[in-house]
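Comments concern the structure below.
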Amino acid sequence: MYSDLLHALPDVFAWTNFVAVVIGVIAGIVVGAMPGLSATMAISVLVPFTFGLEPLVALGLMAGIYNGAMYGGAIPAVLLRIPGTPAAVATTFDGYPMAQKGEGGFALQVAVVSSSIGGIASAFALMLLAPPLSKVTLLFGPSEVFWVAVFGLASIIFLLGGNPIKGLISACFGVFVSVIGSDPIYGNDRFTFGQLEMLDGINIVILLVGLYALPPVIDLLETPLKTGGVNSSKLGTEPIWKALPRMKYWKTWLRGSFLGIWIGILPGAGGSMAAFMSYNEARRTSKNPEKWGEGEPEGVAAAEVANNADTASALIPALTLGIPGTAVAAVMLGGLLVHGLQPGPMLFRDNPDIVFGFMWQFLFGAILLVLLGGSLATNSFARLLNLPRPLLGSVIIVLMLIGVYSIHGRMFDVYLMLGFGAIGWVMDRLKFPLPPVVLGLILGGFAEENLRLALRIGRGDPMVLFQNVTSLILVALTVAVVVGPTLKKRFIDSRKKA
Amino acid sequence: MPESRNSCLTRPETLTAIGIIVVAAGFLVPTFDLRAISALLPAAMLIGLIVLSVFLLLADQRKASAGEDAAPMTTSPKRVIGAFLMIVSYALACDFVGFYISTAVTIPLVAWTFGYRSPVGLLIATVIVVGTIWAIFDFGMSQDFPTGRLWGR
């Protein structure tokens, strides 16, 4: 089972693939360091540019960006108390007080080493857990695959927290978008309104760029952030090998890695939750919890190890079942689809070199973090915080247009992207979750095709969907995901009253 | 405490719910012309959107009647509308006037309008961005950009 993993290793060392990871990590740190920009947005903007690239080059860039951005978010979190990414909120608790005490450089070094350790642990989890899981899913037939899609959507909607009605609206919208175009079996036009450009359906990249890249650009222009500038020469950074002996956080790193990996695997949870849980656990078990919040380096380690440990592990359900654990994983699924790689059981059988190469790239990306985000680079990245936001916004607008236009070389896609962007902005402001839209688009067609196939096998009898144990287990899991949060809330409420 | 808006129907969530209901109902009409099996999923999703939006609307109106103010969508609507209009104008300009001219104008215009006022910085940034795009995409990857419908190509 793991021989394919070793077989894929030489491909990763091809110079183009390796350079892609390096560029990805650097770009990721830059993006993560910019408050208002996220890994999700960076990958959304990147995906259309990767059309002409070899799959491993494109995936290497994405893996690098994901790893880099998770650390990059710590830079403004430590220096300005502004988390560069949502997952870096917990890093501000102790990182910023450290910077105020003149230990900003050390805080960033703790962050980079912890991020790297979390990323390495996560990449190993992906390598060890995904292959056996993929073997199991190879046994699935159309009705099981249909239920997997339903389960995936349900878990993203109901475990994402917030308002389930809004989650359901998002998912229905995503699934509806997936049916636009020609009917896959009869070839009827559905909602194309005579537009030839829509016969093939809505390209996922157009949706991704619209939903994930346009709202942050509007945010950048709406409230230009006054960062106040960062004097990186006063960070007090020493070479990382000198700082390493001061970092004795093995227990925190181990605990944070496990938590991050576990939360990454759970659909709907994400880096923020992982970082908060890890921070709380580390503080709870600390010998001096009273110092936390006043500049305790272990707090930075706890948050950063966990928010990087959920990166690759979020791809375990994404690669094996097509169910992404986080928003970034959902966007990466879109990236895989662009390169003709259908996430799910067949991926490991049909494209082992690419999928296992991708896992190695995650591992190398995590290791490269220490080298590329070390002392010298951290100083340079800190200077990026001085870049003017309006200029950044205008450049991203241009990149969005180029990326979407280059998919098919037509302006129609750009207008479509702007429409999705407007919808995305409204959804973002009204707190409608965006991942169910993407997942709805990915899983909608998948679910419909398998439902229709299962019904054909069963000669139209819907009971065919409930005729084997796997289907019934998946139905039970779906019901549990739907009613679980409500039951849990009632249980907690009743205990509080008691 | 009464809701501070003039009409509780202008609350953002209520307006969104009404919008979804109208649009989904509009999309539902063409499903009657489809085969039953082809219409199954789209119709189910559209009906789902309508039903869920009714729930959303009722929940929001209940909040309004309880005196809960809806949070504004934006603190600076002019900037948001301006940003949207500039992006749409840029897309239209690329389509009708051509990519390079539109980009060379848009980058400094957007940055200037939204607060970056250094002429030298704007000039340098525009030259770097446009030059890099030309070198990578046009020269390196032979990517064709819109040349502009107004020029008849």
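The values are calculated or read from the model by the stated rules, or taken from the named source; none is laboratory data. Note that the coordinates shown come from a computational prediction; the quantities given were computed from them, not determined experimentally. FYI the Cβ positions are ideal-geometry reconstructions off the backbone, even for glycines, and counts take in every protein chain you see. Remember, those area values only see protein heavy atoms, side chains included, never the ligands or the DNA or RNA. Shrake-Rupley method; radii C 1.70, N 1.55, O 1.52, S 1.80 Å.
The table below lists the values:
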| quantity | calculated |
| --- | --- |
| In order through the range B:55-70: 3J(HN,Hα) via Karplus (6.51 cos²θ - 1.76 cosθ + 1.60), integer Hz, x for Gly, Pro | 4, 4, 4, 5, 4, 5, 5, 5, 5, 4, 6, 7, x, 7, 6, 7 |
| Average projected area [Cα convex hull, the range B:44-105], square nanometres | 7.3 nm² |
| Buried accessible area, chains B and A (both chains, 1.4 Å probe, Å² to nearest 100) | 4600 Å² |
| When each of A:K135/A:K166; A:K248/A:K291; A:K431/A:K488; A:K135/A:K431; A:K135/A:K489; A:K431/B:K63 is checked by Cα-Cα distance, pairs over 27 Å | A:K135/A:K166; A:K135/A:K431; A:K135/A:K489 |
| Residue-by-residue Karplus 3J(HN,Hα) for the range B:21-28, coefficients 6.51, -1.76, 1.60, Hz, glycine and proline x | 4, 5, 5, 4, 5, x, 6, 5 |
| Helix axis angle, A:164-179 relative to chain A longest principal axis, alpha carbon, degrees | 60 degrees |
| Distance histogram for the range A:422-498 (every C-alpha pair counted, 5 angstrom bins, percent rounded to whole numbers) | 3, 12, 11, 15, 16, 14, 12, 10, 6, 2, 0 |
| Tilt relative to chain B, helix B:119-133 - C-alpha long axis, 0 to 90 degrees, to 10 | 90 degrees |
| Chain A - mean residue ellipticity at 222 nm from DSSP helices (-39,500 (n - 2.57) per run, n ≥ 4, rounded to 500) | -22500 deg cm²/dmol |
| Kirkwood-based Rg to Rh ratio, the range A:63-148, C-alpha trace | 1.25 |
| Under 14 Å, Cβ to Cβ, from A:V19 - net charge with Lys/Arg +1 and Asp/Glu -1 | -2 |
| Mean separation of Cα contacts under 8 Å (6+ apart) over length of the range A:363-498, as relative contact order % | 6 percent |
| Principal semi-axes in Å for the range A:358-398 [√(5λ), Cα gyration tensor, largest first] | 27, 17, 4 |
| Largest-first principal axis extents, alpha carbons of chain B, Å | 55, 51, 25 |
| Shape box of the range A:78-201 [Cα atoms, principal axes, largest first, Å] | 67, 38, 29 |
| Selection from B:S65, B:V97, B:I133, by position along the positive dipole direction of the range B:61-153 (Cβ) | B:S65 |
| Given charges at beta-carbon only (K, R positive; D, E negative), |dipole| of the range B:1-150 in Debye | 240 debye |
| Mean accessible surface per residue for chain B, computed with a 1.4 Å probe while every protein chain stays in place, in Å² | 56 Å² |
| ³J(HN,Hα) computed for each position of the range A:288-293 - Karplus, 6.51 cos²θ - 1.76 cosθ + 1.60, integer Hz, glycine/proline x | 10, x, 5, 7, 5, x |
| nm² value of the averaged projected area, convex hull over the Cα atoms of chain A | 24.5 nm² |
| Percent accessible area from carbon and sulfur atoms, the range B:1-116, protein chains only, probe 1.4 Å | 74 percent |
| Relative contact order (%) - chain A, alpha-carbon pairs under 8 angstrom, separation at least six | 29 percent |
| List of the range A:372-397 residues, accessible area with partners at least 10 Å² below that of the chain alone (1.4 Å probe) | A:P388, A:P390, A:L391, A:S394, A:V395, A:I397 |
| Alpha-carbon radius of gyration plus Dmax, which is the widest Cα pair, for the range A:276-415 in Å | 20.1, 62 |
| Share of pairwise Cα separations in the range B:80-130, more than 19 Å, in percent | 27 percent |
| Dipole of chain A, positive end: most advanced residue of A:L56, A:I169, A:A306 [Cβ charges, Cα centre] | A:A306 |
| Per residue accessible area in Å² of the range A:325-381, where ligands, DNA and RNA are left out and the probe is 1.4 Å | 29 Å² |
| Fraction of accessible area attributable to carbon and sulfur, chain A (%, probe 1.4 Å) | 65 percent |
| Rounded accessible area of B:R11 (nearest 10 Å², 1.4 Å probe) | 0 Å² |
| Cα→Cβ-extended label distance, 7 Å offset, between A:D493 and B:W112, nm | 5.8 nm |
| Angle in degrees between helix A:352-372 and the longest Cα principal axis of chain A, rounded to the nearest 10 | 20 degrees |
